[in-house]
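Right, one structure below, let's go through it.
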Amino acid sequence: MSDHQAAGHADRRGDGHPADGRTLVRAAVFLGAAAGFRVEELLLDPPGPGEVGVRMLASGVCHSDLHVLDGDWERPYPVAMGHEGAGIVEALGPGVGSRPGDPAVGDLVVLAWTAPCGACPACVRGEGFLCADPRGAGHRRVAADVRLRRPDGTPVGVYSGIGTMASHQVVAVEAAIPVDPALPAAEAALLGCAVTTGVGAVLRTAGVRAGETVVVIGLGGVGLSAVMGAVLAGAARVVAVDRVPAKLELARALGATEVIEAGDAPTTQAELQWLLPDGADHALEAIGFAPTAELAMAVVRPGGTVTLVGMTPQGVRAGVDVYAFVERGIRLLGSNYGSAIPAEVFPELARQVVAGRLPVDRLIQERITLDDLGPAFEALRRGDGARRVVVFDPPA
Ligand SMILES: NC(=O)c1ccc[n+]([C@@H]2O[C@H](COP(=O)([O-])OP(=O)(O)OC[C@H]3O[C@@H](n4cnc5c(N)ncnc54)[C@H](O)[C@@H]3O)[C@@H](O)[C@H]2O)c1
Ligand SMILES: [Zn+2]
Ligand SMILES: [Zn+2]
């Protein structure tokens with residue numbers, strides 16, 4: 001029996017594929033902020049040149065998906081949602097498999113929401129996370145890129161070129177990064193966004209060093225990963241801040257040395273200043289809320305580094321007390337995708353997880369199905385729980 005039959009899809013030929021070679025897919029499709037999303041059955045073409053077909057195993061639910069759903073960020077639709085996932089390579093498009101590092105059929109791959117082009121000025125500088133022309137830009141809605149369609153033929157875009165909340169996807173080969181198959185699928189999925197972003201913000205963007213003091217504000221999948229990154233860096237003190245007490249407990253379990261239950265920003269600031277009268281070496285904001293971005297700037301020591309990771313709705317501004325900022329010589333950094341080159345960072349993070357140095361399993365609050373996505377987004381709105389992970393049906 002094929003994997004597709006095991007996934008319970010109807011098919012017309014008896015092996016899970018419609019007679020024309022396309023694959024039946026179940027996917028969460030964003031329909032615009034007013035309409036929300038719907039789980040739909042779609043048809044997926046085989047991979048073209050430079051592409052691979054992936055049977056998805058797991059997809060995390062990240063707050064960035066909620067930003068899209070809530071209309072905080074302008075995004076096109078209809079588009080298959082999700083950008084944090086892992087799966088098994090099922091098919092190679094023409095020409096794939098010839099270059100070193102190309103995935104092979106059967107490989108466990110983590111999908112990257114930025115797959116650098118390798119040729120633009122940012123890529124040449126070694127900053128592929130700022131690539132001007134990543135594969136999958138435009139959410140694969142250009143005719144030449146479209147592989148996913150409704151049964152009536154309407155093209156469906158693919159969020160960030162990977163649209164991980166789907167049972168199967170076709171992605172650019174550069175976006176499918178092979179990792180150690182010993183890694184459990186749900187954990188592999190989280191490397192695709194939260195872990196790379198949070199750990200990378202600490203190690204790569206901020207450059208936290210052993211013995212330093214780090215404040216992490218906001219303890220979702222990204223902030224808790226930043227806590228793990230600070231522990232990995234050998235930070236002497238890791239102060240974790242969230243308004244949800246259960247998150248504080250989780251942060252402690254991951255190695256935070258102190259925790260603060262957040263109230264309004266001035267109260268939290270006073271508590272942090274009591275705890276760290278000289279200020280922190282580093283503060284990271286992992287919510288995407290202007291008052292907590294300002295809080296991060298207020299609690300670092302002179303010469304300290306503030307790293308903004310959380311993303312607000314588009315157009316939101318935060319204030320800087322310019323005199324104090326300059327006088328105190330503060331450094332303010334934005335961290336996109338943990339300043340990571342996925343092809344290098346995913347395999348390395350996978351090794352750390354498998355070696356037991358990065359307890360990514362602690363981030364998994366619940367394994368769910370595509371049909372449970374509505375309540376999962378509601379929970380994310382409330383700050384309830386770390387990561388929920390959609391798990392797709394295993395093959396027979
Ligand atoms: N920079 C990047 O490359 C990148 C990548 C992924 C996600 N993000 C962004 O990072 C942010 C966090 O993502 P996530 O998936 O971890 O989100 P999440 O919703 O799981 O976590 C946010 C946490 O902040 C807490 N919180 C909310 N308001 C608070 C307040 N006023 N004070 C203290 N804590 C508060 C919530 O309780 C929750 O635990 C989002 O804005 C997301 O879009 C950025
Ligand atoms: Zn994300
Ligand atoms: Zn580039």
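The values are calculated or read from the model by the stated rules, or taken from the named source; none is laboratory data. Worth saying up front: this structure is predicted, and the values here are computed from it rather than measured. With ideal geometry, Cβ positions are generated from the backbone for all residues, glycine too; neighbour counts draw on all protein chains shown. Note: accessible area is taken over every heavy atom of the protein model, side chains too, but ligands, DNA and RNA are not part of it. Shrake-Rupley method; radii C 1.70, N 1.55, O 1.52, S 1.80 Å.
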- [ ] Can you bin the range 225-319 into rounded, prolate or oblate? Criterion: square roots of the alpha carbon gyration tensor eigenvalues sorted a ≥ b ≥ c, rounded for a/c under 1.5, prolate for a/b above b/c, oblate for the rest.
- [x] rounded
- [ ] Quick one: angle between helix 221-233 and the longest Cα principal axis of the chain, in degrees between 0 and 90, rounded to 10, please.
- [x] 60 degrees
TODO: For the range 61-186, go through all pairs of different Cα atoms, get the mean of 1/r, take its inverse, and jot down that Kirkwood value in Å.
DONE: 15.4 Å
- [ ] Of the options Pro100, Ala298, Gly87, report the single residue whose Cα projects farthest towards the positive end of the charge dipole of the chain (beta-carbon charges: Lys, Arg +1; Asp, Glu -1).
- [x] Pro100
- [ ] Give, in nm to one decimal, the length gained when the segment between Asp180 and Arg150 is fully stretched (0.36 nm per residue of separation minus the Cα-Cα distance).
- [x] 7.4 nm
Open item on the list: Counting only protein heavy atoms and a 1.4 Å probe, tell me what percentage of the range 239-380's accessible area is made up of carbon and sulfur.
Closed with: 53 percent
- [ ] Return the long-range amide H neighbours of Leu57 (sequence gap of 5 or more, or a different chain), with a cut-off of under 5 Å between placed amide H atoms.
- [x] Ala86, Gly87, Ile88
Open item on the list: How large is log10 of I(q)/I(0) for the range 69-137 at q = 0.21 Å⁻¹ when the intensity is taken from the Debye formula with one equal scatterer per alpha-carbon?
Closed with: -1.11
Open item on the list: Of Val259, Ala34, Met228, which is farthest towards the positive pole of the chain's charge dipole, taken about the Cα centre with +1 and -1 on the beta-carbons of Lys, Arg and Asp, Glu respectively?
Closed with: Met228
TODO: Tally the DSSP beta bridges in the chain and give the antiparallel ones as a percent, rounded to 5.
DONE: 55 percent
- [ ] List, largest first, the extents of the alpha carbons of the chain along their principal axes, each in whole Å.
- [x] 69, 41, 38
Task: Modelled label reach - Asp361, point 7 Å along Cα→Cβ, the range 186-224 residues with backbone N closer than 18 Å - done: 186-191, 195
Task: Evaluated over the range 130-181, the Cα radius of gyration and Dmax, each in Å - done: 12.0, 39
TODO: Quickly rank 275-282, 136-143, 382-389 as a protection proxy: mean count of other C-beta atoms within 10 Å, highest first.
DONE: 382-389, 275-282, 136-143
TODO: Return the distance in nm (one decimal) between the two label points of a simple spin-label model at Arg328 and Trp274, each offset 7 Å from Cα along Cα→Cβ.
DONE: 1.9 nm
Task: Pairwise FRET efficiency - Asp372 versus Ala143, Cβ, R0 = 25 Å, nearest 0.05 - done: 0.15
TODO: Starting from the Cα gyration tensor of the range 105-160, multiply each eigenvalue by 5, take the square root, and state the resulting semi-axes largest first in whole Å.
DONE: 26, 15, 8
- [ ] Report, to the nearest 10°, how far helix 265-275 tilts away from the longest principal axis of the Cα atoms in the chain, using its own Cα long axis and a range of 0 to 90°.
- [x] 60 degrees
Task: Ratio Rg/Rh, restricted to the range 240-291 and using Cα atoms, in which Rh is the Kirkwood radius - done: 0.94
Task: Rg/Rh ratio calculated on Cα atoms of the range 216-374 (Kirkwood radius) - done: 0.98
- [ ] With only Lys, Arg, Asp and Glu charged, each at its Cβ (+1 for the first two, -1 for the last two), find how big the charge dipole of the chain is about the Cα centre; round to the nearest 20 debye.
- [x] 320 debye
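Please compute the per residue accessible area over the chain with all protein chains in place, 1.4 Å probe, rounded to a whole number of Å².
In whole numbers, the chain has 40 Å² accessible per residue.
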Task: Table column - 3J(HN,Hα) (Hz), the range 211-216, Karplus curve with 6.51, -1.76, 1.60, x for Gly and Pro - done: x, 7, 9, 10, 9, 10
